[in-house]
1. Take every DSSP beta bridge whose two residues both sit in the protein assembly as shown, then give the antiparallel share in percent to the nearest 5.
2. Return a whole-number percent for the relative contact order of chain B, with Cα pairs under 8 Å and 6 or more residues apart as the contact set.
3. Of all GluC sites (Glu not before Pro) in region B:134-222, which ones are in loop regions per DSSP and have a Cβ with at most 15 other Cβ atoms within 10 Å?
4. Inside 10 Å of the C-beta atoms of A:120-127, what's the mean count of C-beta atoms belonging to other chains?
5. What order, most packed first, do the peptides A:354-367, B:426-439 have when packing is the mean number of other Cβ atoms within 10 Å of each residue?
6. Can you list the aspartates and glutamates whose alpha carbon is less than 17 Å from that of B:LYS369, not counting same-chain residues fewer than 8 positions off?
7. Would you mind checking the radius of gyration and Dmax of region B:93-154 based on alpha-carbon positions, in Å?
8. With r as the distance between the Cβ atoms of B:ALA158 and B:LYS414 and R0 = 60 Å, compute the FRET efficiency 1/(1 + (r/R0)^6) and round to 0.05.
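The values are calculated or read from the model by the stated rules, or taken from the named source; none is laboratory data. It should be emphasised that the depicted structure is a prediction, and the values quoted were computed from it without experimental measurement. All Cβ positions, glycine included, derive from the backbone under ideal geometry; neighbour counts span all protein chains shown. Note: accessible area is taken over every heavy atom of the protein model, side chains too, but ligands, DNA and RNA are not part of it. Shrake-Rupley method; radii C 1.70, N 1.55, O 1.52, S 1.80 Å.
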There are 2 protein chains.
Amino acid sequence: MAEEAAVRAQAETVRRLKQDKADADEIAKEVAKLLEMKAQLGTDEGKQKFVLKTPKGTRDFGPKEMAIRERAFKAIISCFKRHGAEVIDTPVFELKETLTGKYGEDSKLIYDLKDQGGELLSLRYDLTVPFARYLAMNKITNIKRYHIAKVYRRDNPAMTRGRYREFYQCDFDIAGQFDPMIPDAECLKIVHEILSDLQLGDFVIKVNDRRILDGMFAVCGVPDSKFRTICSSVDKLDKVPWEEVRSEMVGEKGLSPEAADRIGEYVQLHGGLDLIEQLLQDPKLSQNKVAKEGLGDMKLLFEYLTLFGIAGKISFDLSLARGLDYYTGVIFEAVLLQQDNEHLEEPLSVGSVAGGGRYDGLVGMFDAKGRKVPCVGVSIGIERIFSILEQRLEASEEKIRTTETQVLVASAQKKLLEERLKLISELWDAGIKAEMLYKKNPKLLNQLQYCEETGIPLVAIVGEQELKDGVVKLRIVATREEVRPVARWGWLCDLSAQLKPA
Amino acid sequence: MAEEAAVRAQAETVRRLKQDKADADEIAKEVAKLLEMKAQLGTDEGKQKFVLKTPKGTRDFGPKEMAIRERAFKAIISCFKRHGAEVIDTPVFELKETLTGKYGEDSKLIYDLKDQGGELLSLRYDLTVPFARYLAMNKITNIKRYHIAKVYRRDNPAMTRGRYREFYQCDFDIAGQFDPMIPDAECLKIVHEILSDLQLGDFVIKVNDRRILDGMFAVCGVPDSKFRTICSSVDKLDKVPWEEVRSEMVGEKGLSPEAADRIGEYVQLHGGLDLIEQLLQDPKLSQNKVAKEGLGDMKLLFEYLTLFGIAGKISFDLSLARGLDYYTGVIFEAVLLQQDNEHLEEPLSVGSVAGGGRYDGLVGMFDAKGRKVPCVGVSIGIERIFSILEQRLEASEEKIRTTETQVLVASAQKKLLEERLKLISELWDAGIKAEMLYKKNPKLLNQLQYCEETGIPLVAIVGEQELKDGVVKLRIVATREEVRPVARWGWLCDLSAQLKPA
């Protein structure tokens, strides 16, 4: 056990050093950029005083990044739809008071809007609280929905690790009073499907239950008033070793060393059905009512996960705590396992890529009569997934297309703009994706090069001879093979036939 | 002419009365809501002090609205892709200074974020300025891209007319130094394709040119210093009659009555190639250099639009001014024409549904050396289009599905949860969209009702007998027709075959 802890601690140290290096690299890049800007300003003073950048912790998505992003979204959305989810959207900002008291210590990370008269507003911090507000406002007691949108946190960005101040969340939630653990199991199935589909490598989904944590704290002798703060210490166990967490509990938070040590024994445990059975027999824990409830449900959950065929990827892990205040039952988090990625320059430590849990009290906080709507949901941490996909693409030879253009309408000689305009208009009207160069007299070579650069597979060429003969030439760009001149009056049919296999 | 003006003025009065009524209805609704809330608070004091709503001028999109929204987006995106556009995305907020000095008087409508330390930020007001910032920052001189995202304006919302403080823009822009009017013509073609595709009824696209406007002001005797403010008066002509605009020019803005009357003669003109030819011969306008340039390009534009076969829907309209400061050349706006929509309860006055123009100087404002990147683009005003589509759907009998679920996995008797979980898991893994009720022992009737309510076409039923026989029953919900019991081991093939036609 001690040996394992030492190995863990060492692995942790290595991981952190790598992170520090990544951060340092990022800072160096930023400094270089700033120096460059300063140099520019120096030479051209008065022209432009401001810095040309996106706000801290945000970024633009160029065409290439968007192509990757849309691939990932497609996989995620098709999974959510496969599970019968509807989709909703809410405003990017909420009344400030809607967010108040939902995020505990993290509330300081909320972006407020300036008071410009009228309502006080804040940017949404996640999609869960707006969802709960939506349910309460519309008196909806039963829905399965997904929501993909950006959320905002004034956190310290670590962009090389895919952590931003503006980032996407992809949420799937099931609201309603149902038989225990059936929707909860479906949420885990969804995480499993998405991570498998995106081929991100090996992963494990850690599961715990807020009730088991609370029961554990109680039997370890943590006073009720310290549950939350001790819980947030435990939450750090995926980033820092136990010794540090322990000293925070005892030193900063005033927990007795004995209580801390008792917690230390529990939070090292992880396993499956066997561990659940063991804890159900645990002389202390089995005496605690909420812990017992949590363990009973955990057992049920594992039974369902076994039926889904995914129990092998799920780890019941007593160190999983998750920071958010609103969880009341099952909580979970999916982490990618470090792998030897030979084709990546340096392995990314991406950590958590999905998380979620049950929050049965949140909707009630918005209801005038406190009516509860039990909810369970999952959030896919898509930015980290983007980072991996981007890095992988960069390392690979794959050339990603950023347009879907099927045909370039080109001319072989000068003074054929009118003819090109007529031809391309026919293509657009027939639903064919087509481009032309915005020049009156482009060179044929330039037009062909444009096809090669952007991956347009087919070029339709009109020249003086073709005009006379009433034909259009079709050429396959990759092979330079001439299809054959097709009659001008029926060329759309020929062209459509040509495009079919593509 | 006088008669026409009188008819116009009368039509305007009717339209405005209708708008006032719509506004009054909206206010009445809001008041009713507030009273209801107050009543709730009274009976349950202390429980919930805050108002449960979205911020002023914003709204949630529920599943039904999202289904409509996605239909519209699909049509728009496929048009943008048909024209070979790449896609980009930028952050929802920009450095405050990025937006400064780009919107003239409208700058007061920008949402600022609270100064919480660090950079001063503002929510984006449109997608054009972030696009220009993106080009300058990345030194891109050549791109055709679309961008669909929400923008923010602290305007007075008129939500019944589809005007919000948070709303989507769907922008398509072409940046680069090209031969005149070819990209400009494509932008108009795009508007034409999208409005036709969405079947929003008859429309006209008004076109003008900032240079023609400036030339017109000059020859009418407007002092240089008053160009902008007089331009913004002209911009109101689509909402208020000429007499009002004239009195604003003369009264508030101190223009001489003679100059105003001269403007009045020009801004009543609209037409096509004939009008362009007429103005090219106009003794005063033809002497003005910028006006002549603008008219020459306008002629070229109409030639290209004729080749595209859409000149009939385009109106060269000297009253079109458009407020934004950054336009430098062609400007345009698409308006839906009022129609007798018998199936609509009251006709919507939706006005402009798309607009755009050329802005050759904007990117240069961000470049340290002032290097220009000529741009032209179009923005689709999707919220107004949503309003129409929503209202139309409501009036129609069509029942819109909000999920895509293909199969419900149901049980005929109790104690078959395990079997259902196994079956549904197989479906999901095979990529089939499937749902089940989250109950241990749901009644068959309830399961079938759920299919009917949500439009699930097929139900897979397992019962004790089926379990014994090793089969699954498939039933078509609409016809209640039993397909036949299919063997459990090969049921996925049978089911897939059954789903094909759907």
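1. Here the share of antiparallel DSSP bridges comes out near 80 percent.
2. Across chain B, relative contact order equals 14 percent.
3. Qualifying residues, ordered by number: none.
4. Per-residue shielding by partner chains comes out at 2.
5. So the order, starting with the most tightly packed, is A:354-367, B:426-439.
6. Here the aspartates and glutamates satisfying the reach criterion relative to B:LYS369 are A:GLU36, A:ASP44, A:GLU45, B:ASP360.
7. Cα only, region B:93-154: 12.4, 37 Å (Rg, Dmax).
8. According to the calculation, E is roughly 0.60.
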